[in-house]
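Have a look at the structure below before the remarks.
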Amino acid sequence: MTAYIIRRMFTGIIMLIVMSMVTFLLFFSSPVNPEDFACGKNCSPALKAQTKKALGYDEPVTTQWVKFAKGVFVGRDFPDDPALKESAPETIAECPAPCLGYSRTTNSTVTEQIKEAWPISLSLAITAFFMWMIGGIVFGVIAALRRGSIIDRGIVGASLVFYAFPTFFIGLFLYKFLAIKWEIVKIPEYVPISEGGVSVWFQGLLLPAFTLSLVYMAGYVRMTRAFVLESMGEDYLRTAKSKGLAPRKVLYKHSMRAALTPLVTMAGLDLAGLMGGAIITEQVFNYPGLGKLAVTATRNFDLPLVVGIVLVLAAVVIVANLVVDLLYAVIDPRVRVG
Amino acid sequence: MTSQAPLLSVKDLKVHFPTQDGIVKATDGLSFDLESGKTLGIVGESGSGKSVSSSAILGLHRGTSAKVSGEIVLNDTDLLTISDEQMRRRRGKNVAMIFQDPLSAMHPYYTVGNQIMEAYLVHNKVSKREAKTRAIEMLDRVGIPQPDRRVNDYPHQFSGGMRQRAMIAMGLINNPGLLIADEPTTALDVTVQAQILDLLQDLQREFNAAIIIITHDLGVIAEMADDVLVMYAGRAVEYGPCKEILTHPEMPYTWGLLSSVPDVTGDTDARLIPIPGLPPSLLNPPSGCAFHPRCTHKDKVKGNLCKTEMPELLPGNRGPEHTKRCHLADPEQIYFTEILPEIAPDLVEEFAEVNPDGSVGDAEPVRSSDAAAEAEEKKI
């Protein structure tokens with residue numbers, strides 16, 4: 001077990017290294033000069049060259065990557081110039097470990113920005129996760145139990161509609177009617193728990209989390225329904241019935257246990273994916289999470305920020321994968337890791 | 001309960017499934033009686049309605065679209081008239097079932113012990129500890145080594161034979177009067193088959209349970225059954241005492257089943273004669289005798305009787321116990337002159353010697369049970 005975890009973490013680290021290399025290479029193969037953005041519109045060629053040097057873009061890509069990798073562990077300075085640090089320390093931006101780079105467009109370290117945006121995305125992802133899991137499983141089980149009835153058709157039909165509509169449409173629709181016109185919910189706004197308490201935090205989150213959960217819920221309703229129906233056809237359910245178990249026990253202990261196990265994998269990976277930011281939802285509700293940050297960084301060709309976000313996202317997915325696999329070994333006795 | 005009444009009495013049982021294309025008559029008028037301590041074997045090809053009929057006894061068609069009618073009287077109660085809750089209380093307690101594939105019949109996420117305990121806890125007001133003790137006791141009784149340790153194993157950690165033993169333990173834990181075994185040995189390898197059959201017989205003697213054993217293996221029937229019911233297209237086509245049916249079959253379908261049994265000890269040149277064609281659709285069963293499209297003897301019946309008229313299940317020439325559903329006037333003569341010489345030439349003489357007057361002989365034309373008996377002797 002421990003050996004398995006160590007092996008998996010080792011492969012995870014290799015994957016992260018490769019990911020960072022690929023992101024670096026992709027960026028450099030693009031026809032855009034990042035120093036143009038950092039320097040501004042009216043920039044003389046001399047100033048441009050100076051900016052390029054200050055940002056470290058004059059060095060070969062391999063050197064840049066090595067410096068980046070080293071910075072993650074020991075931190076680094078921008079520009080990395082000991083002489084300048086002696087003469088004019090105010091022009092040096094320090095980036096302590098774990099340094100994921102320094103963004104000139106926003107004049108702050110990438111680590112700082114991700115740290116700021118991360119709790120917002122996390123709040124959104126976890127709230128939405130609970131909403132869609134509860135809704136998806138409840139409606140999925142109801143649909144399965146009432147298979148073929150009007151209730152089943154209604155639930156399946158509705159989930160198809162929500163699945164098909166784009167998030168920005170649902171989001172803007174709910175925003176306009178629920179928040180602005182009818183004032184049923186508060187205008188979405190992120191307030192950290194430390195500032196406003198759980199209640200205010202949740203109220204501000206309600207609408208974006210609900211929007212986000214609707215899309216996922218639609219998929220989970222259909223999957224839950226399919227898995228429950230599948231398990232009901234299994235031989236062991238017939239055994240459970242022929243033992244004389246009450247229908248409720250047959251459903252909860254035997255059918256649900258088998259039906260919900262495969263959902264764990266999907267739920268874990270979906271949650272991990274969302275922790276990296278819900279791009280469209282955050283954009284619609286103007287939520288300053290990782291998703292919005294990623295969009296802004298891409299628009300501004302902010303290489304360090306893009307690389308940083310991509311790596312954090314990748315790390316989350318890799319860890320989530322490992323957690324899901326370990327969890328699976330716990331809930332399914334037939335699975336043995338190692 | 002009077003001592004005369006049988007434990008289980010099924011009368012005119014019908015299980016019909018309405019579908020979009022019409023009604024599928026999976027079981028269409030089945031009647032039989034079974035006494036405590038006796039074994040009824042139900043034989044037939046896949047799709048002849050064996051399993052559907054036995055599921056009806058457990059009330060497993062409740063809550064589905066199936067229409068079940070007739071009478072299923074167990075311990076003087078008609079199971080078709082009682083409520084779902086009353087039926088549920090009888091499942092596992094008065095009538096238990098074991099299934100064909102013991103791997104898929106056990107829940108993969110729960111331990112064997114947990115699943116056996118569950119069967120006990122649902123019908124008995126006892127603590128979990130007591131239920132576990134009882135489960136270990138039953139596992140020991142069905143021959144699981146180190147039952148106090150294996151009780152915590154998951155089904156996938158058991159071998160096929162052990163799983164079936166565990167299923168039997170689960171079925172018998174409440175000491176039910178009736179045990180239905182739906183192809184209990186089909187998914188197991190031959191040596192294990194014999195052990196399981198042996199175990200079932202042992203336990204039957206111990207608990208005095210009635211057993212319905214469903215199978216397509218006539219070797220199993222020869223080994224286990226007191227009575228045999230041959231099913232075809234949802235109906236009984238031949239019904240009577242086991243030895244009688246196996247030695248003096250009167251229905252061409254039963255001949256077909258006997259001809260398809262390989263004889264492992266006999267002449268390797270002996271022919272296996274398959275029954276031509278496939279079981280009929282139960283949606284549109286053939287007119288007249290359901291077996292007539294596959295029957296090679298229908299020309300021996302005058303006129304088009306086989307095609308136009310369904311024969312009744314009536315006693316033949318061999319007494320009231322042996323009934324069959326066939327128009328043939330003298331099936332015995334056809335069997336001994338045409339069928340038996342083909343499948344077991346050595347037995348013809350034996351029969352001729354023993355039976356100049358046509359009385360029941362002792363010879364047994366089914367040989368696959370010999371292999372089973374041999375394996376049994378080698379059993380540890």
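The values are calculated or read from the model by the stated rules, or taken from the named source; none is laboratory data. None of the values given here were measured: they were computed from a predicted structure. Note that each Cβ is placed from the backbone with ideal geometry, even for glycine, and that neighbours are counted across all protein chains shown.
Please pick out the residue among A:159, A:121 that is under 18 Å from residue A:274 (Cβ atoms), touching a residue at least 12 places away in the same chain (Cβ under 8 Å) and outside the structural domain of residue A:72 (by TED's automatic domain parsing).
One residue alone meets the criteria, A:121.
Is at least one residue of segment B:49-59 part of a loop (DSSP other than H, G, I, E, B), touching a helix residue (DSSP H, G or I) at 6+ places or on another chain (Cβ under 8 Å), surrounded by fewer than 17 Cβ atoms within 10 Å (Cβ to Cβ) and within 9 Å of chain A (Cβ to nearest Cβ)?
no
Determine the pairs where a residue that is away from chain B (no Cβ under 11 Å), located within segment A:316-338, has a partner that is of a type in the set (Ser, Thr, Tyr) and surrounded by fewer than 17 Cβ atoms within 10 Å (Cβ to Cβ) with Cβ atoms under 7 Å apart, the partner being 6 or more residues away or on another chain.
Pairs that qualify, where the first residue is away from chain B (no Cβ under 11 Å) and the partner is of a type in the set (Ser, Thr, Tyr) and surrounded by fewer than 17 Cβ atoms within 10 Å (Cβ to Cβ), are A:324/A:265; A:328/A:265; A:337/A:4; A:338/A:4.
Pick from B:96, B:26: which is within 22 Å of the chain's Cα centre (by Cα), of a type in the set (A, V, I, L, M, F, W, C) and under 26 Å from residue A:146 (Cβ atoms)?
Criteria check complete, one pass: B:26.
Of A:284, A:250, A:215, A:264, which residue is of a type outside the set (S, T, N, Q), within 14 Å of chain B (Cβ to nearest Cβ) and within 21 Å of the chain's Cα centre (by Cα)?
A:264
Within segment B:82-104, work out how many residues are of a type in the set (S, T, N, Q), within 7 Å of chain A (Cβ to nearest Cβ) and outside any loop (DSSP other than H, G, I, E, B).
Qualifying residue count for the region: 0.
Filter segment B:216-257 down to the residues that are modelled with pLDDT under 90 and polar (S, T, N, Q) and list them by number.
B:247
Limited to segment B:148-172, what total is found for residues that are within 11 Å of chain A (Cβ to nearest Cβ), surrounded by fewer than 19 Cβ atoms within 10 Å (Cβ to Cβ) and part of a loop (DSSP other than H, G, I, E, B)?
Going through segment B:148-172 one residue at a time, the tally reaches 2.
Which numbered condition in (1) in contact (Cβ under 8 Å) with a residue 12 or more places away in the chain; (2) surrounded by fewer than 17 Cβ atoms within 10 Å (Cβ to Cβ); (3) within 28 Å of residue A:193 (Cβ to Cβ) is the only one that residue A:112 fails?
(1) is the only condition that residue A:112 fails.
Looking at the structure I just gave you, is residue B:125 under 19 Å from residue B:175 (Cβ atoms), in a loop (DSSP other than H, G, I, E, B) and touching a residue at least 60 places away in the same chain (Cβ under 8 Å)?
no
Would you be able to tell me the number of residues in segment B:317-333 that are part of a loop (DSSP other than H, G, I, E, B) and closer than 11 Å to residue B:239 by Cβ?
Total meeting the criteria: 3.
Please go through segment A:270-309 and pick out each residue that is outside any loop (DSSP other than H, G, I, E, B) and of a type outside the set (A, V, I, L, M).
A:270, A:273, A:281, A:282, A:283, A:291, A:292, A:296, A:298, A:299, A:304, A:308, listed by residue number.
So how many residues does segment B:105-129 have that are of a type in the set (S, T, N, Q) and more than 10 Å from chain A (Cβ to nearest Cβ)?
Number of matching residues: 2.
Do we have residue A:267 as crowded, with 18+ Cβ neighbours inside 10 Å, part of a helix (DSSP H, G or I) and free of Cβ contacts under 8 Å to residues at least 24 places away in the same chain here?
No: the conditions fail for residue A:267.
Table: residues versus (1) more than 22 Å from residue A:119 (Cβ to Cβ); (2) surrounded by fewer than 16 Cβ atoms within 10 Å (Cβ to Cβ); (3) of a type in the set (Lys, Arg).
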| residue | (1), (2), (3) |
| --- | --- |
| A:168 | yes, yes, no |
| A:173 | yes, yes, no |
| A:183 | yes, yes, no |
| A:191 | no, no, no |
| A:199 | no, yes, no |
| A:203 | no, no, no |
| A:226 | yes, yes, no |
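Kindly evaluate residue A:175 against the criterion of being modelled with pLDDT of 90 or more and either farther than 30 Å from residue B:97 by Cα or part of a helix (DSSP H, G or I) (or both).
Considered against the rule, which asks whether it is modelled with pLDDT of 90 or more and either farther than 30 Å from residue B:97 by Cα or part of a helix (DSSP H, G or I) (or both), residue A:175 comes out as no.
Is there any pair with a first residue in segment A:62-76 that is closer than 18 Å to residue A:26 by Cβ and modelled with pLDDT of 85 or more and a second that is assigned to a helix (DSSP H, G or I) and of a type in the set (A, V, I, L, M) whose Cβ atoms are under 7 Å apart and which are 6 or more apart or on different chains, and what are they?
Matching pairs, first to second residue: A:65/A:21.
Yes or no: residue B:254 under 30 Å from residue B:293 (Cβ atoms), in a loop (DSSP other than H, G, I, E, B), hydroxyl-bearing (Ser, Thr, Tyr) and within 15 Å of the chain's Cα centre (by Cα)?
No.
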